[in-house]
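What follows is a short report on a single structure.
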Amino acid sequence: METKLRMVVTAGPTREHLDPVRFLSNPSTGRMGFAVARAAAEAGYEVVLVAGPVGLKTPKGVVRVDVVSAREMFAAVEAAKADILVATAAVADWRPKSCAKKKLKKGEMSGVLELVRNPDILKSSKVRRKIGFAAETGEAVAEAVRKCKEKNLEFCVANDVTAPGAGFGVATNRVVFVYPDGTAKRLPLLSKLAVARRIVAALQRGRSRK
Ligand code: PMT
């Protein structure tokens, strides 16, 4: 019997706490990543979905690992030992330098928040085949080419998160598949599940796309 390829998908936001009740985060709902996990499972991949704090139902046939912070997400991606990584998560690039064990009182806060860098999960991962996303506010292609090269990606799915019907929270997305050589394939406005199915199809075509 043929062994299934294992795909790890990151989804949703991360939260970077400064105390038990306060954190830095972003508006990602996980819809894009959950759609990728569903499409990949339907296409026959063994899927591990590493999800930040979101309120979505796990797609059928998918193993889900819930995490909160970027460092937890990184550890879960490493532990999955996957053949393919599809990184849809909106990972916080920075975290507070320290996290208080108890809720900080107003008087204990100075008004200045000291931050340190989080790991770049996609860049650091040694997974053989990596597909990233680029969330931009405006023209996204040039930035996606840069990310392809910097993070050693097979391709990058660029979305302008300020475009109508695209980006955070909504059921649809308008994306461009961008390759390291600068070629770009623009897709029309589609449901996130349809975008996810296109990503899985592009993966299956692999490097033979030309
Ligand atoms: O979850 P939804 O509400 O459906 O919204 C979907 C989405 C807008 C979150 C999604 O379509 C999207 O654009 N995801 C990527 C968000 C992002 O953080 O992009 P970026 O350009 O900052 O990061 C580039 C890539 O590196 C991404 O694949 C990201 O997952 C990855 N990354 C970034 C920083 C970091 N520390 N670790 C990472 O792995």
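Name the residues in segment 130-173 that are under 15 Å from residue 32 (Cα atoms), open to solvent by less than 30 Å² (accessible area, probe 1.4 Å), part of a loop (DSSP other than H, G, I, E, B) and within 11 Å of the ligand (Cβ to nearest atom), would you?
Listed by number, the residues that qualify are 166, 167, 169.
Among the listed residues 127, 116, identify the single one that is under 16 Å from the mean Cα position of the chain (by Cα) and either modelled with pLDDT of 95 or more or open to solvent by 80 Å² or more (accessible area, probe 1.4 Å) (or both).
One residue alone meets the criteria, 127.
Of (1) open to solvent by 10 Å² or more (accessible area, probe 1.4 Å); (2) of a type outside the set (Asp, Glu); (3) within 19 Å of residue 135 (Cβ to Cβ), residue 82 satisfies all except one. Which?
For residue 82, the exception is condition (3).
Need at least 2 residues that are hydroxyl-bearing (Ser, Thr, Tyr) per element, so show me which strands (runs of 3 or more DSSP E) inside segment 1-88 make the cut, counting only ones lying wholly within it.
Here the list is empty.
The values are calculated or read from the model by the stated rules, or taken from the named source; none is laboratory data. Quick caveat, the model's predicted, so the values are computed rather than measured. No Cβ is skipped: glycine too gets one built from the backbone with ideal geometry, and neighbour counts run over all protein chains shown. Side chains are part of the model used for accessible areas, which takes the heavy atoms of the whole protein and leaves out ligands, DNA and RNA. Shrake-Rupley method; radii C 1.70, N 1.55, O 1.52, S 1.80 Å.
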